Amino acid sequence: MIQLPLTYPDLAAEVDLDANAAETTSDLQTLKQDVLHILEEPAGSNLDDPDRGIGLVQLLSGSTIPLTAIPGIIDGQLVKDDRIDASKTALTQEADSSFVLDIQVSVAGTVVGLGYSYSAVGGLRAL
């Protein structure tokens, strides 16, 4: 697995704030967390960046957008992040109706694999 240095620490808050208010320990951890938040946030809901957000849970929960269009939406959002040079997303629906996202991002010339899953029971989470 690729290791990135720690340039800018952030609070560790993947789903909720870390109980001890820990900070991220690498730029890779910060990137994974930020991508998760971009996936979660409905479009326009982030007051700091109203152009950011995908609202993946809503898209996967009966929206009128076809599943085949969702990877393109994700890739279009992720390349807006200054750290990400390119993005290629694959979305797979599992037999139990859960979804797996395999996202390959290019960061400073290095391809980094990011994995996420979504299910109605477990919600959206990093793998």
Check 90, 69 and return the single one that is touching a Pro at 6+ places or on another chain (Cβ under 8 Å) and exposed (fewer than 15 other Cβ atoms within 10 Å of the Cβ). 90
Only one of 78, 101 is farther than 25 Å from residue 48 by Cα, crowded, with 18+ Cβ neighbours inside 10 Å, of a type in the set (A, V, I, L, M, F, W, C) and within 14 Å of the chain's Cα centre (by Cα). Can you tell me which? 101
Determine if the range 25-34 includes at least one residue that is in contact with a Ser or Thr (Cβ under 9 Å, 6 or more places away or on another chain), modelled with pLDDT of 85 or more and polar (S, T, N, Q). yes
Cβ pairs under 6 Å, 6+ apart, first in the range 106-127 and in contact (Cβ under 8 Å) with a residue 60 or more places away in the chain and hydroxyl-bearing (Ser, Thr, Tyr), second surrounded by 11 or more Cβ atoms within 10 Å (Cβ to Cβ) and not in a loop (DSSP other than H, G, I, E, B): 116/101; 116/126; 118/60; 118/99; 118/124
Out of curiosity, is residue 89 among the β-branched types (Val, Ile, Thr), under 16 Å from residue 126 (Cα atoms), at pLDDT below 95 and touching a helix residue (DSSP H, G or I) at 6+ places or on another chain (Cβ under 6 Å)? no
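The values are calculated or read from the model by the stated rules, or taken from the named source; none is laboratory data. Predicted model, so just to flag it, every value in this text is computed and none were measured. Counting neighbours? That spans all protein chains shown, and the Cβs are built from the backbone with ideal geometry, glycine included.
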